[in-house]
Each structure stands twice: as structure tokens, then as C-alpha cells.
Amino acid sequence: MSFLSKKDIPLEEFIPDGYIDIHSHLLPGIDDGVKTMYQSAYILERFERMGVKKVITTPHVIQDVWPNTSHTIQENLQEIKDIIVALNIRKLELQASAEYMLDDLFYSRIKSKDILPLHKNYILVEMSTFGPPMNISEFLFEIKLAGYIPILAHPERYSFYHDDLKKFDELKKSGFLFQINLLSLSGYYGERVQNMAKRLMSLDYIDFTGTDIHNYHQLGVLEQGFQPKIAEKVSELMQNNAIFS
Ligand SMILES: [Fe+2]
């Protein structure tokens, strides 16, 4: 494929064959993602047409806000799975995990090993956008002790680290893998986040990609397109998600 044109390149044109999305909010009504089964099915159908092979959707688990349990997540997943089969969305495989906020609830879940991993022993975790947890090394200790590998969701969105790239280096060295949002690269969260996403990619800090899609509007942004240079680079990076097969 040629990336010489100056026009934005739609996701559909550079998404690797059999792409696996590991970050999204497509279980209706249990977090700030899609509100209805219909919205979920619509987005999943668009994804299937784009060539996505699997979606591991990741509802928030946040104390006092969305304290979803493994049970509520699995129940909701089964409902939507039945619906998409009825709608003939059969090629796309749908699974559910969670995006765990590093808070007290997560601490107790990890202690009791009540965790829905993304795949094998990988888990997706996030920090508040206001600041990192005080006891991040204690979280990391418990995660490792329980036998999991943490993937930090959208590091590029943590503006409190933007002026201190060393922090990203420390997080990587301590054992966090990084997942970048495709929406960040599209400019959806603004130029600062987009630039940080590009920066982290050029430093080879990014291990995986995800859409982090919550709604139709974001679907439109993803479909609209990416700058050719970004599309070329991220298309390569997107192949890393194949380990979640
Ligand atoms: Fe998310």
C-alpha cells in the first residue's frame, strides 16, 4: 500500500488483516460506553466489515463509579453474543475482560484473584487522568505476585507525565506494557495527546494498540482517517495485537 498521498487514510485501509482490538466499551449500560444492545451490535458489525477478527471488550471497573464484577460482565457479554449471532455477525469473535482502575477495589480483586484477564495472564489497567496512584509500586507488586502482566491503557493520556518522559521509562522498566489509543493518534483528545502518542511510538515504548471506542461519534472519528505517516507506523504496531489470538 502506498502512503504517499496527503489525504487522511481511513482505518479500514490500513488495519492489518485479522486485527484484534483489546480496548473498548461495548457492553451496554455498565459503564460510560454504549448505551444499548443496538449501538453495540452496530459498532461490532462495522468492525467486522473493517476486517477485525476479535474484540476483547473492556468495561471499566472503578470503585464507587462502575464497580462491575466478573459476573455482571460475563452475563452482559452472553446477552450481546446471542444478539450478534442472531444478526448474523458471525465472523467477529467477541470476548470480555475489563479495564481496571488502580484503586482499592482493584487491590482487593487482585488479592483474591477475582480478575478477568484480557488473554492468558495479561490484564488491562488504567490510572486516573488526575494523577497516578500513590502506591503504584505496591500495585505492581501485587499484580506480579498474582502472576499477571499489566498493560497500562493509554499512557499518552496521562497529562501529569507529559513534561517528564522519564516517568514513562520508569513504568516500562518496572514491568508495565503500554497500550496506545488509536483515537489519540487520530487527534480526538487534542494535539497534546496526539503528539505524546506519536512521541511514545517513536521511542518504541508502545507494545499494543486499542480503539477505546465508547460510542458512534468515536466510530466516525476512527473511520474518517489518519495522517498517512501515522497510518503507516501504527499499521505495523497493530500487528503486535496478534498475540491475543
Ligand atoms: Fe477505556
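Filter region 50-74 down to residues that are part of a helix (DSSP H, G or I) and touching a residue at least 24 places away in the same chain (Cβ under 8 Å) and give me whichever is nearest to Gly18 (Cα to Cα).
Met50
When restricted to residues that are within 16 Å of Ile56 (Cα to Cα) and either modelled with pLDDT under 95 or in contact with a His (Cβ under 8 Å, 6 or more places away or on another chain) (or both), region 179-216 contains 8.
Every residue, every condition in (1) polar (S, T, N, Q); (2) in contact with a strand residue (DSSP E or B) (Cβ under 8 Å, 6 or more places away or on another chain); (3) under 25 Å from Asp207 (Cβ atoms), yes or no:
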site	(1), (2), (3)
Leu11	no, yes, yes
Ile30	no, yes, no
Lys35	no, no, no
Ser40	yes, no, no
Ile56	no, yes, yes
Ile62	no, yes, yes
Lys81	no, yes, no
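Whenever a residue of region 167-181 is closer than 17 Å to Glu138 by Cβ, its partners that are within 16 Å of the ligand (Cβ to nearest atom) and not acidic (Asp, Glu), lying with C-beta atoms within less than 6 angstrom and at least six residues away or across chains, give the pairs Phe176/Pro150; Phe176/Leu152.
Only residues that are of a type in the set (Ser, Thr, Tyr) and surrounded by 19 or more Cβ atoms within 10 Å (Cβ to Cβ) were counted across region 5-42, and they come to 3. For Ile206, the conditions (1) among the hydrophobic types (A, V, I, L, M, F, W, C); (2) within 20 Å of Pro10 (Cα to Cα); (3) touching a helix residue (DSSP H, G or I) at 6+ places or on another chain (Cβ under 7 Å) all hold with the exception of (2). A single entry from Tyr158, Tyr205 fulfils the requirement of being touching a residue at least 12 places away in the same chain (Cβ under 8 Å), of a type in the set (Phe, Trp, Tyr) and touching a strand residue (DSSP E or B) at 6+ places or on another chain (Cβ under 8 Å): Tyr205. Please find, among Arg90, Arg49, the residue that is of a type outside the set (A, V, I, L, M) and either crowded, with 19+ Cβ neighbours inside 10 Å or under 26 Å from Lys233 (Cβ atoms) (or both). Being of a type outside the set (A, V, I, L, M) and either crowded, with 19+ Cβ neighbours inside 10 Å or under 26 Å from Lys233 (Cβ atoms) (or both) holds for just one of Arg90, Arg49, which is Arg49.
Is there a residue being within 22 Å of Ile180 (Cα to Cα) and not aromatic (Phe, Trp, Tyr) anywhere in region 74-84?
no
Every residue in region 143-170 that is out of contact with any Leu (no Cβ under 9 Å at 6 or more places or on another chain), more than 25 Å from His25 (Cβ to Cβ) and not basic (Lys, Arg), please. Selection gives Leu145, Gly147, Asp163, Asp164, Glu170. Residues that are surrounded by fewer than 16 Cβ atoms within 10 Å (Cβ to Cβ) number at least 2 in the following helices (runs of 4 or more DSSP H) confined to region 168-245: 191-202, 216-224, 228-237.
The values are calculated or read from the model by the stated rules, or taken from the named source; none is laboratory data. Just so it is clear, the model here is predicted, and its values are computed rather than measured. Heads up, the Cβs are rebuilt from the backbone with ideal geometry, glycines too, and the neighbour counts pull from every protein chain shown.
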